[in-house]
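Notes follow once the structure below has been shown.
The values are calculated or read from the model by the stated rules, or taken from the named source; none is laboratory data. Given the structure is predicted, the values throughout are model-derived calculations rather than measurements. Counting neighbours? That spans all protein chains shown, and the Cβs are built from the backbone with ideal geometry, glycine included. Quick note on the areas: whole protein, heavy atoms, side chains included, nothing else; ligands and nucleic acids left out. Shrake-Rupley method; radii C 1.70, N 1.55, O 1.52, S 1.80 Å.
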Amino acid sequence: MLIITEDENEAVQRVLSIAKQFNLSVLDRKITESCISQLTEIIEQLPISTKQSLINYRADNSNDYLSEALLFAETSGTTGAPLQIPRTRLDLANGVRNYTEAYKTVVRPGEDRVAFIHPSILSPLRDITVRSLHDLGVGVMTLFPIPGLCGYDRIHRVLCQNQVTTLLTSPSTVYQLIFNFFKLGLKFPLSIKKILVTGEYFSQSIAANIKRLIDRDCSIIPVIYGANEIGMMMFGDESFTYRGVTRDFIFECLPLENPDQYTSSVPDGVRLGELLVTGLNPTIMPIVRYATRDVFNFIPDLDGAWRFEHLGRKDDYPINLRQRNAIDDVLYSLADPIFHHQLIYDRRSSVATVQILSGGAVTPKEQAELADRISAILERSTKVNIETQSYDGDFVDSECVSKINRFNLAA
């Protein structure tokens, strides 16, 4: 069992306190082994929690968090029912501290101007980000496309007029910005030198495709990994790996059955697993062995710490994670970059239809080769159809959706 935290002795005490606060049964006895052994024994006794268990807890304890919260917020609801995620004074203080530490690695006061463009209107991310950037002395504006009020032409004008250097947004929103600028005949603003993404899985191939769409180099960094219900847990850099906030969390690697469904290989010394997280700060919600449903490579670093490489969501709907990432890599390596793709899999007929939204052309030869490569990835007798003229996915002119699916089951 791999458990990662900054101070095992402190973590033991905090976990015991949390277990007592939330009436979780833990056998608290003195043992003579190391702190990490004691922490492992305690953690193994605790139940794994899920988003649904947090929703249930909220429903049963609404009076407590309504009286203690200073910021009322909730998740976007893109993966299920929205979850209320209020923040107390201590939550906000810890959040600002952690976000400030992350942002100061990528933006500079007096040099950078940040545009925060994010679809989760009720997310605490906006409030904590603005406060953190202000504390760093970095200018920030918040934008969101609203048809008839704040269209993409206005967003483009505002970005250019204020010489914004940095976009802070989700991967889906980056693509929708580029797509709508393209539809309006507008170039991606030259002042933007950095794109900081959060909120969704992000890979090197996705970043390379974005650079080809804007037709120039740009620093693209998956800056924050977290969950609205928990807060920021990690911050990343251009290596596309993250460092965990081990002062505030316990990170646990839960081994996976059938690892070949998630990745083609695991390097020596690296551990593959689902990330479970336990929060160590006092809070009004029990973040105990929270199942993120995200798969990571846990990578030992030279300084004795660990880095985390995000591989994507554990779900196999409609195909497994390894296959999804391999198909992404193939589609993002086409001769012309693409704005979006969606694979619709029909289990009954074993037909996979891949719709591609591109600013260029996908030649018949490319389409035939693409169908063969995707069929080989799916490893089954699946017929693959490539469609380039009949895209009916989530990209809609002048609108913006929070998360855009690339893999779906046929109705």
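Numerical summary
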{"read-out": "Breaking point among (1) farther than 25 Å from Gly110 by Cβ; (2) open to solvent by 20 Å² or more (accessible area, probe 1.4 Å), for Lys193", "value": "(1)"}
{"read-out": "Near pairs, Cβ below 8 angstrom, 6+ apart or cross-chain, from the range 219-248 (closer than 16 Å to Ile4 by Cβ) to any residue that is of a type in the set (Ser, Thr, Tyr) and surrounded by fewer than 19 Cβ atoms within 10 Å (Cβ to Cβ)", "value": "Phe235/Thr105"}
{"read-out": "Condition met for Ile299 (hydrophobic (A, V, I, L, M, F, W, C) and touching a helix residue (DSSP H, G or I) at 6+ places or on another chain (Cβ under 9 Å))", "value": "no"}
{"read-out": "Failed criterion for Leu321 (all others in (1) under 30 Å from Phe144 (Cβ atoms); (2) modelled with pLDDT of 95 or more hold)", "value": "(1)"}
{"read-out": "Any hit, the range 128-148, residues being free of Cβ contacts under 8 Å to residues at least 12 places away in the same chain, over 30 Å from Glu238 (Cα atoms) and either open to solvent by less than 70 Å² (accessible area, probe 1.4 Å) or not hydroxyl-bearing (Ser, Thr, Tyr) (or both)", "value": "yes"}
{"read-out": "Filter result for Asp329 (in contact with a Ser or Thr (Cβ under 9 Å, 6 or more places away or on another chain) and closer than 22 Å to Leu177 by Cα)", "value": "yes"}
{"read-out": "Any hit, the range 163-181, residues being over 21 Å from Asp217 (Cα atoms) and open to solvent by 50 Å² or more (accessible area, probe 1.4 Å)", "value": "no"}
{"read-out": "One residue from Phe202, Phe182 being more than 21 Å from Glu309 (Cα to Cα) and in contact (Cβ under 8 Å) with a residue 60 or more places away in the chain", "value": "Phe182"}
{"read-out": "Scope the range 264-278; condition in contact (Cβ under 8 Å) with a residue 24 or more places away in the chain, of a type in the set (Gly, Ala, Ser) and open to solvent by 10 Å² or more (accessible area, probe 1.4 Å); matching residues", "value": "Ser264, Gly269"}
{"read-out": "Every residue from the range 331-353 that is within 15 Å of Asp392 (Cβ to Cβ) and touching a Phe, Trp or Tyr at 6+ places or on another chain (Cβ under 6 Å)", "value": "Phe339, His340, Leu343"}
{"read-out": "Residues being basic (Lys, Arg) and within 30 Å of Arg87 (Cβ to Cβ) - total across the range 210-258", "value": "2"}
{"read-out": "Number of the exception - Gly304 against (1) surrounded by fewer than 19 Cβ atoms within 10 Å (Cβ to Cβ); (2) in contact (Cβ under 8 Å) with a residue 60 or more places away in the chain; (3) more than 29 Å from Ile214 (Cβ to Cβ)", "value": "(2)"}
{"read-out": "Every residue from the range 90-109 that is hydrophobic (A, V, I, L, M, F, W, C), open to solvent by less than 20 Å² (accessible area, probe 1.4 Å) and assigned to a helix (DSSP H, G or I)", "value": "Ala102"}
{"read-out": "Every residue from the range 370-408 that is in a strand (DSSP E or B) and either open to solvent by 80 Å² or more (accessible area, probe 1.4 Å) or closer than 14 Å to Gln176 by Cβ (or both)", "value": "Lys383"}
{"read-out": "So Val295, is it among the aliphatic types (A, V, I, L, M), surrounded by 20 or more Cβ atoms within 10 Å (Cβ to Cβ) and at pLDDT 95 or above", "value": "yes"}
{"read-out": "Odd one out for Glu274 among (1) in contact with a Ser or Thr (Cβ under 8 Å, 6 or more places away or on another chain); (2) within 27 Å of Asn61 (Cα to Cα)", "value": "(2)"}
{"read-out": "Residues (of a type in the set (Val, Ile, Thr) and open to solvent by 20 Å² or more (accessible area, probe 1.4 Å)) located in the range 215-245", "value": "Ile230"}
